[in-house]
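Take a look at the structure below.
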Amino acid sequence: MSASDPRRWWALLVLATAQFMVIMDTSIIGVALPDMQHDLGFSPGGLQWVFNAYVVVFGGLLLLGGRLADLLGARRVFMAGWAVLIGGSVVAAAAQTAWVELLGRGIQGVGGALITPAAMTLLMITFGANPRELGKAMALYGAAAPAGGTAGVFLGGVLTQWLSWPWVFVIYIPIGLATLAAVPAVLPAVRGHRGSVDLLGAISVTGGLALAVLAVVRAPEQGWGSASTLLEFAGAALLLVLFAIVQKVVKAPLAPPSIWRVPGLAAANLAFALLGAAWIPAWYFLNLYLQQVLGFGAFASGAALLPMTVTIMILMVGVTGRLMARFGMKPLAVTGLFVLALGLAGLTFVRPDGSFAADVLAASLVAALGMSLAFIPTMMSALAGAPPEQAGLASGIVNTSYQVGSALGLAGATAFAASHGANALGDAVRLTDGFRAAFVTAAVIAAVGGVAALVLLRKPRPAAGTEAAAAPEAESVA
């Protein structure tokens, strides 16, 4: 697709919508969880897996999705991902038992893992020839992710309160079908290249991540030092070590060791994982505080988070790109993570008899400001040095980092919150103590991410033949 082809902006709309919907799938179920627990018979501990079944499969298979996008062609994998996501949505919406619901969520995760790295590859191909347009496109695409996560809470509240919880999954069906219909007309066809697929690597990394999350989720009930918890952590470690070994010995590894020689990739992925580990627990427990302590309904709780969504959208689209052009990626990433930590620290002062205006609004807007400043620069720091033939792989790695960080961050914050009273339904004082503990956890993680970005991030050097690192030079980003 040429730089003057007007279809490129329609392509951006399709790609940004895909990113919005995939990330929204991690949050739209939040306010629907109590109804799902009642109707499907989830236990209090098992209910977390409505979230984690999607995130763990999504994060664990993103590397495979990136590899398939490189081998089979990004557009083909993008369309296949939407078909799988639609199928998973049908299963999740029609579920009558807990295990079927989790199956549907896992299938949705597979679809998301195919869509996300393919979309990033298509974005780089469509806009990579023009650094200024690439900067603008990345700003719009990047804004779709956190906006989707936050908007999902509001939309989930609307659908749950005015219709019923299955509609949080039904909504993906018409949008997915419309996307599939639009793809051939607006997205460029991309040839793949020959190679094999590292299935053992995909299985071992996904299994290791799932077992690690399971161990953290179950540890408060079983005991952190219990034999079962230690065995789960040991199993996770063994699977992840197996993954690392496989990457060194197979001919076509899922994440070849050479990818880690891309300048700044490891450091940026660490910062991005910590960003997800702070942000996802923040919105999760903020929604619970609004409903379970302040007494907001599903719709009111979602509406209360709209100021955060609007702030993120306005700043990412209109401000972050310009600041990145002027100051570079590292200063914004560092500043954003510390501002996020400040906003989350403000939420640790919520009260049992508080109010939205006094206890939530200001701190949540500061947190949204931090997210707006940190998300795009941190992501682009990880992608900037990757050569074009590894764009899908690099995208898969950076998105894996965010999703795995989100899952582990939420599991850890949930465990810490539960130990401080977050499970004491009906007791506003104990609930608030538990939610404060979760906000403390998220704030500390964000601060650690800021330190990691300050110490470890370096100015990226573009790989030969790629314009990814040039995006920050787009002075006209608006």
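Over the stretch 198-251, what is the relative contact order in whole percent, taking alpha-carbon pairs under 8 Å and six or more residues apart? Don't skip to the end; give the middle numbers.
On the way: 44 pairs, mean separation 27.9, N = 54.
Result for the stretch 198-251 is 52 percent.
Could you line up Glu101, Glu133 from fewest to most neighbouring Cβ atoms inside 10 Å? Display every interim value, and only then the final one.
Values: Glu101 27, Glu133 20.
Ordered by Cβ neighbours within 10 Å, fewest first: Glu133, Glu101.
Under a crude label model (7 Å from the Cα following the beta-carbon direction), how far is Ser164 from Val100 in nanometres?
Simple spin-label model gives 1.3 nm for this pair.
Could you size up the charge dipole of the chain around its Cα centre, putting +1 on the beta carbon of Lys and Arg and -1 on that of Asp and Glu, and report it in debye to the nearest 20?
Magnitude of the dipole: close to 1280 debye.
Expressed in nm to one decimal, what extension gain is obtained for the pair Val250 and Phe349 from 0.36 nm per residue of sequence separation less their Cα-Cα distance? Can you show the working numbers first?
Values: separation 99, 0.36 × 99 = 35.64 nm, distance 5.16 nm.
Going from the current span to full extension adds 30.5 nm.
Using only the alpha-carbon atoms, how far is helix 265-288 inclined from the longest principal axis of the chain? Give it as 0 to 90 degrees, nearest 10.
Once rounded, one gets 30 degrees.
Between Ala83 and Val310, what is the label-to-label distance in nm when each label sits 7 Å out along the Cα-to-Cβ direction?
Computed distance between label sites Ala83 and Val310 equals 4.2 nm.
Enter the mean projected area of the convex hull around the alpha-carbon atoms of the stretch 198-251, in nm², rounded to one decimal.
Working: hull surface 13.2 nm².
With every direction weighted equally, the projected area is 3.3 nm².
Using a Cα distance threshold of under 29 Å, what count of lysine pairs results for the chain when pairs must be 8 or more residues apart or interchain?
Values: Lys136/Lys330; Lys136/Lys459; Lys248/Lys459; Lys330/Lys459.
Lysine pairs meeting both conditions in the chain amount to 4.
Using 1/(1 + (r/R0)^6) with R0 = 51 angstrom and r between the beta carbons of Leu361 and Ala181, what's the FRET efficiency to the nearest 0.05?
Details: r = 41 Å, r/R0 = 0.80.
Computed FRET efficiency for Leu361 and Ala181 comes out at 0.80.
Read-outs: derived from the displayed coordinates by stated rules, not from any lab. All values reported here derive from a predicted model rather than from experimental measurement. Using ideal geometry, Cβ is built from the backbone for each residue, glycine included, and neighbour counts are taken over all protein chains shown.
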